[in-house]
Amino acid sequence: MTRIDLSTFAREFADAPVDAVATVRVQGWAGSAPASTVDGAVVVFSPPNQVIVRGDSPEQAVELPATDGTFCYRWDVSARSRTLKLATRYTLVPESVDPVLFGDLVDVDPASFEPTPHVVAAWELVRTETEGFRDEAAESARLAAEAVDTPGRRGPDAYEVAVAAGFSGTREQWLASLEGGAGKSAYQVAVDAGFVGTESEWLASLVGPPAVVPLTEDPEEPGTFLITDPSSIREDPAEPGTFLIGELA
């Protein structure tokens, strides 16, 4: 037996709202008449079940045998002592140990017990979307696998770029070409510029004349001179031991 939960069935109907008190009548159905069985010479029709649905009732349910492909269930919902019919449904009832919501039952054709067109259309939409998601996931997985199996192409290195630009030679020759040769010394540059003499003579030529220290005669002691900057006194390179102290100011 499967327990059908009717507590929220009113919200599942699109035809009309259900009053606070309504009657739900359910009966096994096949084609245009109640489902029946033959017991010897007796034809037994499926008895109807009737449930009074109240808005203040915490539990509203009915227990039914699951359908087996030979019948469906007809549901009639009415109000005001069955004088106002609200809706009629033909559904299957699955075998389930857990309660099944009335709104989750599948609507079927009462003669063929096949899902009605709007149910089929809804299922096809769900199936199509599911297949689309599955295909997208499979494609993403394939691309990810290809990215792992096929590493990106290495770009050309500097030597390959040089060859493409016209360099002719091995990689070692190209590396050697990057090393600059030794430049000329300052003496060689001076010779190229016209200097005549040895490197020692050129170095001596770089030494400027000794600094000239101005001397001022002491006005209080004529003949005595004051050296204003003793640190500027230089030894005469031509006569070691002789110092140049400048000239009179």
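The values are calculated or read from the model by the stated rules, or taken from the named source; none is laboratory data. What you see is a predicted model; the values in this text were computed from it and never measured. No Cβ is skipped: glycine too gets one built from the backbone with ideal geometry, and neighbour counts run over all protein chains shown.
For residue 200, the test of being surrounded by fewer than 12 Cβ atoms within 10 Å (Cβ to Cβ), modelled with pLDDT of 80 or more and assigned to a loop (DSSP other than H, G, I, E, B) is failed. Quick check: is even one residue across the range 175-182 surrounded by 11 or more Cβ atoms within 10 Å (Cβ to Cβ) and either more than 30 Å from residue 162 (Cα to Cα) or modelled with pLDDT of 80 or more (or both)? Yes: one or more hits.
Checking each residue in the range 203-227 for being modelled with pLDDT of 70 or more, surrounded by fewer than 11 Cβ atoms within 10 Å (Cβ to Cβ) and under 21 Å from residue 239 (Cα atoms) picks out 206, 207.
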